[in-house]
Amino acid sequence: MAKSSEAQHPQKVFGWAAKDTSGILSPFHFSRRENGDEDVSIKILYCGVCHSDLHSCRNEWGNAHYPLVPGHEIVGTVTKIGSNVKKFKVGDRVGVGVMVGSCKSCEYCKQDLENYCPKHILTYNSIDNDGTRTYGGYADMIVVDQNFVVHFPDGLPSDAGAPLLCAGITVYSPMKYYGMTEPGKHLGIVGLGGLGHVAVRIAKAFGLKVTVISSSPRKESEAINRLGADAFLVSNDAGKMKGAIGTMDFIIDTVSAVHALAPLLSLLKANGKLITLGLPNKPLELPIFPLVLGRKLVGGSDIGGMKETQEMLDFCAKHNITADVEVIRMDEINTAMDRLAKSDVKYRFVIDVGSSLSQL
Amino acid sequence: MVTREKFIVQLMKLGNLPAEPENDVVEWRQGADEARDRGGSIKGITLTHQQKIQALEFVKEKMADKLPEEEHPKVAFGWAARDQSGVLSPFKFSRRATGEKDVSFKVLYCGMCHSDLHMIKNEWGNSTYPLVPGHEIVGVVTEVGSKVEKFKVGHKVGVGCMVGSCYSCDNCTNDLENYCSQMILTYSAKYYDGTITYGGYSDIMVADEHFVVRIPDSLPLDATAPLLCAGITVYSPLKYYGLDKPGFHVGVVGLGGLGHMAVKFAKAMGAKVTVISTSPNKKQEAIKRLSADSFLVSRDQDQIQAATGTMDGIIDTVSASHPLLPLTGLLKSHGKLILVGAPEKPFELPAFPLLMGRKVVGGSCIGGMKETQEMVDFAAKHGITSDIEVIPVEYVNTAMERMLKADVRYRFVIDIGNTIKSSI
């Protein structure tokens, strides 16, 4: 008989989990492994609420295993280190993002691209090396292999910095890979949510000219005055979209709803690149003529490797880039999830795990 | 058929319009091209007085336009499509005098590209008639302008898909004339002087030296002609998307004019090549003659499954609609699917494979002039030419029908030099 999640491992842990496809979260007692030679134990202070958490809890991708403890934007302090751990010491402020393991031997792992390792292990709802399920950061502590822990730079606040561990790296990585770091180039960012708003800040720090493309005209003031975007395009304003044809070197598309790619492709100059980060549940329609006649491309990207995640955090600390967050208590999570489903948040909820979990 | 003289007489009669015209009629045309094209044939329909005045004004304006024969000083002869039926027939026209930057040459061969077929039938909606196709043109220089530096009389040269661009935009200054928004196509496009360009199914060609490439003596002219479109169309993306690394595994979808060139170039660049095709009977050719390393029948699920995640890049030459998902599945992580065929309808793009493997779907369209010359030189160095069927110009309409059925291995090339004059 399989052991219950409480009895599987020696360390007792408390968190909140979704128990079924309703996705409603509630208190959950479980356990984590003993801190191994390569491991770092972390007392969790804050955990960002990523839209992926919502998709997973409600089984929208069809692969949820319950009970499911989400959370992959984790910031905390080190409480214990294994005998082989040299990079961290007790008391360090650290972060854990979307992955907690990989094979370490394939060509991707060797190139610091653990996120493309076919055997990479996700922070939650995945199977760990010992065959047990992984549980995420909506919990009081976590044990993680040192290679999947990053230093949290001094200048970054734990609450507003937590979302960088998923949203931040998800936009930073493609900006580097697809060559969007040349100052003066023009980047369009589609969607102004968790990913989009961080993308605006990082892009401005790279010296790019930024246009936000959104279906909500009311976001214009935010985009320009608060986030520093240079321009704002309402995507269903045909006239304005026409005026912007052939003006952008790159577009980062953060929207996960199914939407038309043709108007976005037309905004690109020749040799322009459209990078899609959202995961719609149906295929998108791709017109071929613009790709061929303008040598344009559509590419994807999925978070980033560990080395790059550390690099991204250091970059954000240097440029004072954080997310705009609404800090909530753990017991407010279900309301937050409902609001997130309606995009009613500017722009990330972050759970104050450290203060609110222990009181429950 | 009404001659131009009779047409003018009828127009002059119309000039004195009776108050309520009943018998004198002129066919109302919309569109400059049709007016020129149909100038010789008039059918009768009854128009109102106002319409006739409009028609007269319109046609008078068009009369100021010269016939193709009179536009330029050099007499030229070719085969043109007159309308959307796409049927080609002998056509007298003219070409400009050799300007100071121009290269004039006697056309010896011209490749038949599938684009020629699309254009003669106005399938892309932008054809102007009469249309002389042909953008895989090779020949021997007969005259050069006073400021021409790169070419001399007697040189073997070629002209591909473009004859002009703006020279000043970002793309032009980066040797990417093919992406210039004002790029001028070799045929059925408006040149700087306002006249329509005519392509290589003709006896002579005049082009700005910037858009002419030198063909090394070691390359046979007939089998080199297709390089000027098919060759550069696959060479350019192999380089731009980084698929030219020795040891890379490159897939080629479709084994036709473009596909067979892609196999040859990729092999010469040191790649392992897999041909992906719907026709199992092409396997022998692919492996034995073109030296592809392997062959996948795209409809065979087992074969496709077995090749999952094995390719660094795929060059997709097929323009008919087909699913992209199986092709993205063949790519390794960071793999690239490059489309060079241009179907009319959009494809479905599944996002998951792109994200999870950081894969890319991109397009490419011919190549810049510098790269086209580089490609020709590369071909000369590696002995790469196209597999062709040489035909006399009288066979051109039959060749078009066969091309439509993909019944050619793998490009028709018209023997202009030896057969065009004899068909006058």
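The values are calculated or read from the model by the stated rules, or taken from the named source; none is laboratory data. The structure presented is a predicted model; accordingly, all values stated were derived computationally and were not measured. Backbone-built Cβ (ideal geometry, glycine too); neighbour counts: all protein chains shown.
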Taking the range A:301-318 and keeping only residues that are surrounded by fewer than 24 Cβ atoms within 10 Å (Cβ to Cβ) and either assigned to a loop (DSSP other than H, G, I, E, B) or at pLDDT below 95 (or both), one is left with A:Asp302, A:Gly305
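Go through the residues of the range A:265-281 one by one and say whether even a single one is small (Gly, Ala, Ser), touching a Pro at 6+ places or on another chain (Cβ under 6 Å) and outside any helix (DSSP H, G or I). Walk me through it before giving the result.
Keep residues of the range A:265-281 that are small (Gly, Ala, Ser), which gives A:266, A:270, A:272, A:278.
Of the ones still in play, those that are also touching a Pro at 6+ places or on another chain (Cβ under 6 Å) are none.
No, the range A:265-281 has no match at all.
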Can you tell me which residue is surrounded by the fewest Cβ atoms within 10 Å (Cβ to Cβ) among those in the range B:390-404 that are of a type in the set (D, E, K, R) and under 18 Å from the mean Cα position of the chain (by Cα)? B:Glu401
Among the listed residues B:Lys239, B:Lys267, which satisfies the condition of being surrounded by fewer than 21 Cβ atoms within 10 Å (Cβ to Cβ) and within 14 Å of chain A (Cβ to nearest Cβ)? B:Lys239
Criterion: assigned to a loop (DSSP other than H, G, I, E, B), of a type in the set (Gly, Ala, Ser) and touching a strand residue (DSSP E or B) at 6+ places or on another chain (Cβ under 6 Å) - qualifying residue of B:Gly158, B:Gly78, B:Gly99, B:Gly134: B:Gly134
Looking only at the range A:100-133, how many residues end up being buried (at least 23 other Cβ atoms within 10 Å of the Cβ) and closer than 26 Å to A:Ala7 by Cβ? 4
When the residues of the range A:298-352 are filtered to those that are among the basic types (Lys, Arg) and over 14 Å from the mean Cα position of the chain (by Cα), which remaining residue is nearest to A:Glu222 (Cα to Cα)? A:Lys346
Does B:Val163 satisfy the condition of being of a type in the set (Val, Ile, Thr), away from chain A (no Cβ under 12 Å), more than 21 Å from the chain's Cα centre (by Cα) and not in a helix (DSSP H, G or I)? no
Based on what the data block shows, is B:Pro346 touching a residue at least 24 places away in the same chain (Cβ under 8 Å) and either small (Gly, Ala, Ser) or within 14 Å of chain A (Cβ to nearest Cβ) (or both)? no
Residues satisfying the stated conditions in the range B:312-343, i.e. within 8 Å of chain A (Cβ to nearest Cβ), over 18 Å from A:Val292 (Cβ atoms) and in a strand (DSSP E or B): B:Ser333, B:His334
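Using the structure shown, decide if A:Val292 is touching a strand residue (DSSP E or B) at 6+ places or on another chain (Cβ under 9 Å), without any contact (Cβ under 8 Å) to a residue 12 or more places away in the chain, within 7 Å of chain B (Cβ to nearest Cβ) and buried (at least 21 other Cβ atoms within 10 Å of the Cβ).
Yes: the conditions hold for A:Val292.
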Residue count, the range B:132-160, condition of a type outside the set (Gly, Ala, Ser) and more than 20 Å from the chain's Cα centre (by Cα), comes to 14
Considering residues of the range A:331-350 that are crowded, with 22+ Cβ neighbours inside 10 Å and in contact with a Leu (Cβ under 8 Å, 6 or more places away or on another chain) only, the residue nearest to A:Asp140 (Cα to Cα): A:Ile333
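Is one or more of the residues making up the range A:135-142 in contact (Cβ under 8 Å) with a residue 40 or more places away in the chain, in contact with a Pro (Cβ under 7 Å, 6 or more places away or on another chain), under 23 Å from A:Met330 (Cα atoms) and surrounded by 15 or more Cβ atoms within 10 Å (Cβ to Cβ)?
Within the range A:135-142, one or more residues are in contact (Cβ under 8 Å) with a residue 40 or more places away in the chain, in contact with a Pro (Cβ under 7 Å, 6 or more places away or on another chain), under 23 Å from A:Met330 (Cα atoms) and surrounded by 15 or more Cβ atoms within 10 Å (Cβ to Cβ).
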Specify which of the listed residues (A:Ile321, A:Ile328) is of a type in the set (A, V, I, L, M, F, W, C) and buried (at least 21 other Cβ atoms within 10 Å of the Cβ). A:Ile321
Buried (at least 19 other Cβ atoms within 10 Å of the Cβ) and closer than 30 Å to A:Lys119 by Cβ: which single residue out of B:Ala351, B:Ala379 fits that description? B:Ala351
Quick one: would you say B:Thr186 is surrounded by 19 or more Cβ atoms within 10 Å (Cβ to Cβ) and touching a strand residue (DSSP E or B) at 6+ places or on another chain (Cβ under 7 Å)? yes
Of all residues in the range B:276-286, how many are over 15 Å from B:Tyr410 (Cα atoms) and of a type in the set (A, V, I, L, M, F, W, C)? 1
Of the conditions (1) outside any helix (DSSP H, G or I); (2) modelled with pLDDT under 95; (3) buried (at least 20 other Cβ atoms within 10 Å of the Cβ), A:Lys219 fails just one. Which one is it? (1)
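Across the range B:349-376, what is the number of residues that are outside any helix (DSSP H, G or I) and more than 8 Å from every other protein chain (Cβ to nearest Cβ)?
Matching residues across the range B:349-376 total 3.
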Considering every residue within the range B:291-300, establish whether at least one is surrounded by 23 or more Cβ atoms within 10 Å (Cβ to Cβ), of a type outside the set (A, V, I, L, M, F, W, C) and either under 19 Å from B:Gly257 (Cβ atoms) or within 14 Å of another protein chain (Cβ to nearest Cβ) (or both). no
All-but-one check, A:Lys346 against (1) part of a loop (DSSP other than H, G, I, E, B); (2) among the charged types (D, E, K, R); (3) within 14 Å of chain B (Cβ to nearest Cβ), failing number (3)
Taking the range B:216-255 on its own, how many of its residues are under 23 Å from A:Gly294 (Cα atoms), in a loop (DSSP other than H, G, I, E, B) and of a type outside the set (A, V, I, L, M, F, W, C)? 4
Within the range B:305-326, restricting to residues that are modelled with pLDDT of 95 or more and of a type in the set (A, V, I, L, M), the one that is nearest to B:His260 (Cα to Cα) is B:Ile315
Which residues, taken from the range B:166-188, are among the small types (Gly, Ala, Ser), in contact (Cβ under 8 Å) with a residue 24 or more places away in the chain and either within 14 Å of another protein chain (Cβ to nearest Cβ) or part of a strand (DSSP E or B) (or both)? none
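Could you list, in sequence order, the residues of the range B:179-208 that are acidic (Asp, Glu) and in contact with an Asp or Glu (Cβ under 7 Å, 6 or more places away or on another chain)?
B:Asp208
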Within the range A:179-188, does at least one residue satisfy the condition of being closer than 23 Å to A:Lys318 by Cα, in contact (Cβ under 8 Å) with a residue 40 or more places away in the chain and away from chain B (no Cβ under 14 Å)? yes
Residues in the range A:157-174 that are crowded, with 22+ Cβ neighbours inside 10 Å and either in contact with a helix residue (DSSP H, G or I) (Cβ under 9 Å, 6 or more places away or on another chain) or of a type in the set (S, T, N, Q) (or both) total 12
All-but-one check, B:Glu285 against (1) more than 14 Å from chain A (Cβ to nearest Cβ); (2) in a strand (DSSP E or B), failing number (2)
